Amino acid sequence: MRKSKILAMALVSVLTISSLTGCGGNPNNNTNPTTNQTTTSGGSNSETTSGSSETTTSDNSSTPKAPVVDNGGEPIKDLVMTQSQGSHECETLNWLYTQTGSTSEVLTNLVDGLLSCDVYGNLVPAIATEWGTEDGGLTWTFKLRNDVTWVDVNGNKMADCTAQDFITGLEWVLNAAKNDANNTSMPIDLISGAKEYYDYTKSLPTEEAMALDTTKFLEIVGVEAPDDYTLIYHCITEKPYFDSVATYNCLYPVSAAMIEQITPQGFKEVSNDQLWYNGCYRLTSFIYNNEKVMEKNESYWDKDCTLFDSVTVKMVEGSDVSYQLYQAGEIDAVGLNESQFSTIYNDPNHEYYNNLVETYPSKYAYVVHFNYNKRKDDGTDDTNWNTAISNEAFRQAWYYGLDFTEYMARSNPLNPNKQTLDTFTGRGLCFTSDGTDYTTLVTDLLDHGSTDRSDGQGKAARLNAEKFAEAKAQAMAELTEQGVTFPVQADYFILSGSQTSLDAAEVLKKVFSQCFGDDFIQLNIRTYVSNLTQEVRNPRLQSFFINGWGADYADPQNYLGQMVYPGDNAFYAQYYENVPDASADVQAVFEEFTGLVEEADKITDDLDKRYAAFAEAEAFMINHALFVPVFNQINFKVTRINHFSTINAPFGIQPNKYKNWETSTVAYTADDYAAFEAAYEAGRPTD
């Protein structure tokens, strides 16, 4: 048996503070990124090794840990964190249904899948103790441990976790009545019979599909369980990266006995006191937009790991409240906005002056997602916006003209353009055989040419004043003939009552005015009350979102597959861009892009050729300005957590798992972080 090795991303160094720049804002007004779907930047080759069978056990020897720094504190026993209300709250507690990072960050602590990753991004055992393929990725076999149990919210043991639970989970994902189309794109693209089963359930009356067990599923889909602790997947074609998918929740287990107890509809709307858990923690309290409390699962299978006794996540309206809670000693880490950073940085006598640390890049690549079928508040089409955004010159004016430097400075005032991205796919996901980052292949094909970001400081290479002026003039001439009125109104939504969100949006409004001119596009700051999805995205009221995606598995297809049309399972094309209801011109460009993605995905025997073909598809999408790349967030914090000790991977939902974290009741300093980084790099695997 052979095992894929994913060698990980390099962390950003703790910098020497030397200067201060302006202001900007966090995307969608969150203190943390908002959508799933999973870490980027730096790194070395992604490769599949071949040779003799390899068995990996589940002890901690396969998970290198950061060194302990004695700073006078004690390990934290009860961790307390914050998240932003509204758009960063859990959408559901059903881990098979969610596709958002804000939800997965919680649920990854409640359930384990087949595999996880270590601090360097290497695949390591979770419920599977060994795994591999003997035929180049066509068939994958996972051997499961026999000591994993399901417990209820009170910690009572309810059932053993077996291979059948993974089959039950995949049936739920692929059942159109049970799971809509959520998380189906991965198994449909990878597993034989998955699309056929999805289409079969979609053709049935809802009640009949909801009543299905796994009998018909096993007749159609290429998955089997020869015994309770062996699981075999049959792929459509050779998929050498399939094991990285095992870190994502589309392949996660669920107990059929629990579903029988609470009914299929009950699982679709499950509450924390109904759930059965097999992960590190139990969610013992969940007050929407207020607080979540997770308590250690005493029956957790990994007896050698380090867990907190409890983890509390407080939901707050913005970073100002989080900072106040940190000052009061009530939470253990806080990301700093521009004003907070400036106050600390400019005062050598400030109590946190020596505690400013710069984090490594977030796991999300942020871009501007246009809404190609916007509606007004009364539900009618916003014809002015929809006509404008269908015009390629109009979109290219955004691409060549919109400089996010001041906006990005909200999360990193010192080095805002260190965060700049030029692609849709995040850096560090995969590499060619000579070590070239896949994203470099993309930038080499862009109309503006390649860019060297080795210093991480340059502005976006797409910015071009001459091309912007040409695109603006062309767009205004063409659209005026079509009856579009200027300035075009662009609606941008923030959480009502959040001063942090408003501050960020005001900076974005200023950026629009400076970059576009008040005669071309006008940004309207609008508000929602509590739920961005229900109040804004579903009724299609936004002109655009700035939204982040992190990979579910280690291949460019996972990024690009979210933008294909037609495709029920394309997350962004369906739910953000609304391409199925876009103009014929927009649909034609998306269809051409989709053809390029499909051709690239057929290449499975040569990863260099595969990546080159995907790069052609991604460059096509960028050159037609179907979206605008923005950034990969790198912010400053004051923290009692050593982030070099956390799971660090460019895919899956496990990076936010509160497991084996090194912490201290005394805040870490920049010197502590320098020591952490030096030890981390010294321990990096080289094979």
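Please treat every number below as a calculation from the coordinates, not as lab data. Quick caveat, the model's predicted, so the values are computed rather than measured. When we count neighbours, we look across all protein chains shown, and the Cβ atoms used for this are built from the backbone with ideal geometry, even at glycine.
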Given 376-386, 332-342, the highest-first ranking by average Cβ count within 10 Å works out to 332-342, 376-386
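Going down the table (374/509; 157/296; 314/659; 239/268; 268/296; 363/609), which pairs top 22 Å between alpha carbons?
239/268; 268/296; 363/609
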CD proxy, 222 nm, the chain: helix-only mean residue ellipticity via -39,500 (n - 2.57) per DSSP H run with n ≥ 4, per residue, nearest 500, stands at -8000 deg cm²/dmol
Read-out mean projected area of the Cα convex hull in nm², candidates (i) 57.5; (ii) 36.2; (iii) 27.3; calculated match is (iii)
Scalar couplings 3J(HN,Hα) for the range 177-186 by Karplus 6.51 cos²θ - 1.76 cosθ + 1.60 (θ = phi - 60°), nearest whole Hz, x for Gly and Pro, are 6, 7, 10, 6, 10, 5, 6, 8, 4, 5
Charge tally for neighbours of residue 245 with beta carbon under 10 Å away, counting Lys, Arg as +1 and Asp, Glu as -1, is -3
Computed D for the range 173-284, Stokes-Einstein, Kirkwood radius over alpha-carbon pairs, 37 °C, 0.692 mPa s, to the nearest µm² per second, is 215 µm²/s
Within the chain, the percent of DSSP beta bridges that are antiparallel, given to the nearest 5, stands at 75 percent
Amide H contacts under 5 Å for residue 316, restricted to residues at least 5 apart in sequence or on another chain and with H modeled in the peptide plane, are 83, 84, 85
Protection proxy (average C-beta count within 10 Å per residue), highest first, orders 482-493, 126-137, 549-560 as 549-560, 126-137, 482-493
